Amino acid sequence: MVEPLKFENGKPHFPLLASDLVFPTFLSPNFHFQNDINKYDTRLRIFSGTTNPALAQEIACYMGLELGKIKIKRFADGEIYVQLQESVKGCDLFLVQPTCPPANENLMELLIMIDAC
């Protein structure tokens, strides 16, 4: 039978069974999930296109992550340039780029972002 989780000062309390027992850092009482998730899980990245950066920022905040650094610019003739400013090797990526009007330009930007990744 499992005992219910006990809380002290709004934080989960994990009683120590032996003084020499070492718990992983995520079980320590000083661990704050929303603030410390980036330090322990760097395999998830979220990048935003230019269509709706506020939506991407809100998604990242909800997940407890920061938006990935990406450089997107348009040349005078309308071509799109995308450069990721951080390594994504071995990471799971989410690209936030709605395809609302003008759909052709936004979809093309998404495809170039995918190619850059």
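A short reminder: the numbers here are calculations on the coordinates, not readings from a lab. A quick note: this is a predicted structure, and the numbers were derived from the prediction, not measured. Ideal geometry is used to build each Cβ from the backbone, glycine not excepted, and the neighbour counts take in all protein chains shown.
List of remarks:
- Gyration tensor verdict on region 47-117 (Cα atoms; rounded if a/c is under 1.5, prolate if a/b is larger than b/c, oblate otherwise): oblate
- Net length available on complete extension from residue 86 to residue 58 is 8.0 nm, with 0.36 nm assigned per residue and the Cα-Cα distance removed.
- Paramagnetic reach from residue 111 in region 55-80 [backbone N under 15 Å; point 7 Å along Cα→Cβ]: 79-80
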